[in-house]
Amino acid sequence: MKKIREVESNLSDRDLDRVVEMAWEDRTSFDAIFRQFGIAEQTVIDLMRRNISPGAFRRWRKRVQNRATKHESLSEGNDRFKCTRQRDITMNKISKR
């Protein structure tokens, strides 16, 4: 596992922002972050701890801890993002293909 300072020095500001953004999203798994940036889950957690406020970090950790969508091995294999009821919510009469 890479040290946090080494990871931060190797990432551009834009990439660091993207990692934080991806980690904040509930649907993006730690495995996807690892595939794109080569950063392990614990390093992502350390990056989040250093780059967001303490209160935001606590809320994020509470939200993602043991969450199936943050771990591909725990998720059901459903890779759709859209809700099945999206058509009813948006009043979209034309189904998207």
Note to self: Looking only at segment 24-47, count every residue that is buried (at least 18 other Cβ atoms within 10 Å of the Cβ), touching a residue at least 40 places away in the same chain (Cβ under 8 Å) and hydrophobic (A, V, I, L, M, F, W, C) and tell me the total.
What the structure shows: 2
Check: Among the residues of segment 45-93 satisfying the criterion of being at pLDDT 70 or above and outside any helix (DSSP H, G or I), which is nearest to Asp15 (Cα to Cα)?
Finding: Ile52
Checklist line | In segment 3-23, the residues that are surrounded by fewer than 14 Cβ atoms within 10 Å (Cβ to Cβ) and not in a helix (DSSP H, G or I) | finding: Lys3, Ser12
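The values are calculated or read from the model by the stated rules, or taken from the named source; none is laboratory data. On a predicted model such as this, the values are computed, not experimentally measured, just so you know. So basically every Cβ, Gly included, is an ideal-geometry build from the backbone, and we count neighbours across all protein chains shown.
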